[in-house]
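The values are calculated or read from the model by the stated rules, or taken from the named source; none is laboratory data. On a predicted model such as this, the values are computed, not experimentally measured, just so you know. Here the Cβ positions follow ideal geometry from the backbone for every residue, glycine too, while neighbour counts run over all protein chains shown.
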Amino acid sequence: MNAHTKSCLAQKLSHYAELDEASLESIARFEREERDFAKNDEVYQEGDQNIHLYVVKKGWLYSYADLKDGRRQIVEIHHPGDIVGFPDIAFTERTTVLRAAEDVRLCPFPKKDLDEVFKRAPQLAALLFALAVRNQVIMIDFLRAIGRMSARERIAYLLLDLQARLRITNTTMTTTFRLPLNQTEISDVLGLTNVYVSRSFTALEKDGLIRRSNGSVEILEEDRMKRICDFSDRHTKLDTSWFPDGTPIVA
């Protein structure tokens, strides 16, 4: 398999480090099986047995937690090249619901396969660990945005974060990207009402910061938007200076 051209996961990880043969072989094993899910399908529910992780091959999904009164909080958005399920590795049951925002294709692989990654592909293990830890910092940034920013600033922050993430696996992407999330889903990401989401998008358009068309968003003044919401790109760079040399661990 030419993993660099056929695998979104390999393409994403190759942005941060030149993958060795053991890493590419592990990625190929992750992606042996494919399953398709339709828009709005629930891949798993909170409380389900936690056996598999999933590589996103196509489409957008999101993870969310339900409140007892029927409200929900979307805690993570997933794109092609992502591995879904890392936050639940320490648990035997799922802590969130995973739902498809559009038609998607996933590659499930057993959680126990990570054992071989740590033994045979230390470079990949280090990279996956670094990305998982980095995501905790990204979550802190989002908590700051949700807790302290205005509705307009939150929308700006979300759009900039999505753009930064998508550029990792789409190097030809300019300032326009698809946004297959509806208004209610965006509300549930940012803790806003539908009315505030609509007004905030309109305000950003009137200010000449974005343009919307046919389910896509174009960011017209990226630098000004970054200043408005104090955005820090945590996606583009990763310190790999401490990574192991790739020599397998001999049991």
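Looking at region 206-226, which of its residues are basic (Lys, Arg) and either within 9 Å of Thr176 (Cβ to Cβ) or buried (at least 16 other Cβ atoms within 10 Å of the Cβ) (or both)?
Arg211, Lys226
Residues checked against (1) polar (S, T, N, Q); (2) surrounded by fewer than 18 Cβ atoms within 10 Å (Cβ to Cβ):
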position: Trp60; (1), (2): no, no
position: Ser63; (1), (2): yes, no
position: Asp66; (1), (2): no, yes
position: Ala100; (1), (2): no, no
position: Ala121; (1), (2): no, no
position: Ala132; (1), (2): no, yes
position: Asp141; (1), (2): no, yes
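Among the residues of region 152-173, write down those that are in contact with a Lys or Arg (Cβ under 9 Å, 6 or more places away or on another chain), farther than 16 Å from Phe201 by Cα and of a type in the set (Lys, Arg).
none
Quick check, is Ala125 assigned by TED's automatic domain parsing to the domain that holds Gly85, touching a Pro at 6+ places or on another chain (Cβ under 9 Å) and surrounded by 18 or more Cβ atoms within 10 Å (Cβ to Cβ)?
yes
Hand me the list of helices (runs of 4 or more DSSP H) wholly inside region 171-251 holding 1 or more residues that are over 26 Å from Met139 (Cβ atoms) and at pLDDT 95 or above.
194-206
If you check Glu116 against the conditions, is it surrounded by fewer than 21 Cβ atoms within 10 Å (Cβ to Cβ), out of contact with any strand residue (DSSP E or B) (no Cβ under 6 Å at 6 or more places or on another chain) and part of a helix (DSSP H, G or I)?
yes
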